[in-house]
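Notes follow once the structure below has been shown.
The values are calculated or read from the model by the stated rules, or taken from the named source; none is laboratory data. A quick note: this is a predicted structure, and the numbers were derived from the prediction, not measured. Cβ: placed from backbone, ideal geometry, glycine included. Neighbour counts: every protein chain shown. Please note that ligands, DNA and RNA were not included when accessible areas were found on the heavy atoms of the full protein model with its side chains. Shrake-Rupley method; radii C 1.70, N 1.55, O 1.52, S 1.80 Å.
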Amino acid sequence: AKGNTCVEFGSGIGKFSKVIFEDIGQLNLVEPSKNLFKKLHERYAHNENVELFNMSLEQYVEGTALPLHDSAVLVNVLEHIKDDQLALSEISKVLKPGGYLLLFVPALNMLYSKFDKKIGHYRRYQKNELESLVSNAGFKVISNHYCDILGVFPWLVLNTIFGRTKLDHNLVKLYDNVGVPLTRAIEKMLVPPFGKNLICVARRSDDNRLAV
């Protein structure tokens, strides 16, 4: 809602942040990389409803005296954090009771590849593993489902089996133009039993004693 506050961890250069901001009153963007933060600053410094933080998730949680947020968003971030369980528990500290957690992460352990390792992924996630992590951090899972079912096959063949460590931008463009619309059409009709990614939505428990 327009009056709500949201924090996005690992905002990068703010591509996804624009989508979030359309439905949020106050948006805090947290990005530890100095290079990415520079671009983030160029894009959002003029916006009075956006506050920028060039720091890690841990520094944000422990070092800022801010009001609790209504929601927290991590898009392709959790897999880059070595202690993901601790990170989720830390995030719960900056959310109001009943506040929302939204996660987008790479899925399926069998797809883990040299490319994953190269770009700093500690892991990919199975659906039940992600649900346990989120629950153990003091959240109640509302929705947790696979997405991008068609993306599994090219990733498996090119990256996992053949060991590619670079993206082919022509293939990426082709998949964006053909595969993404087709995948969206399929997933409007059915909930995929597997997929290249997972989307999880959870709420912080009113009694947050479960968090470690």
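Laid out as a table, the results:
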{"quantity": "In region 10-28, the residues that are among the polar types (S, T, N, Q), farther than 14 Å from LYS39 by Cβ and open to solvent by less than 20 Å² (accessible area, probe 1.4 Å)", "calculated": "ASN28"}
{"quantity": "Residue count, region 25-51 (criterion: closer than 20 Å to LEU101 by Cα and in contact with an Asp or Glu (Cβ under 8 Å, 6 or more places away or on another chain))", "calculated": "5"}
{"quantity": "Pick from region 110-138, criterion in contact with a strand residue (DSSP E or B) (Cβ under 8 Å, 6 or more places away or on another chain) and polar (S, T, N, Q), ranking: nearest to TYR60 (Cα to Cα)", "calculated": "SER135"}
{"quantity": "Candidates LEU102, LEU86 - the one that is out of contact with any strand residue (DSSP E or B) (no Cβ under 9 Å at 6 or more places or on another chain), in contact (Cβ under 8 Å) with a residue 60 or more places away in the chain, closer than 26 Å to ASP206 by Cβ and open to solvent by 10 Å² or more (accessible area, probe 1.4 Å)", "calculated": "LEU86"}
{"quantity": "Matching residues, region 1-58, being assigned to a strand (DSSP E or B) and either at positive phi or free of Cβ contacts under 8 Å to residues at least 40 places away in the same chain (or both)", "calculated": "GLN26, LEU27, LEU29, VAL30, VAL50, GLU51, LEU52, PHE53"}
{"quantity": "Test: ASN136 is among the polar types (S, T, N, Q), on the phi < 0 side of the Ramachandran plot and open to solvent by 80 Å² or more (accessible area, probe 1.4 Å)", "calculated": "yes"}
{"quantity": "Residue within region 106-120 that is within 25 Å of LEU27 (Cα to Cα), in contact (Cβ under 8 Å) with a residue 24 or more places away in the chain, assigned to a strand (DSSP E or B) and open to solvent by less than 20 Å² (accessible area, probe 1.4 Å) present", "calculated": "yes"}
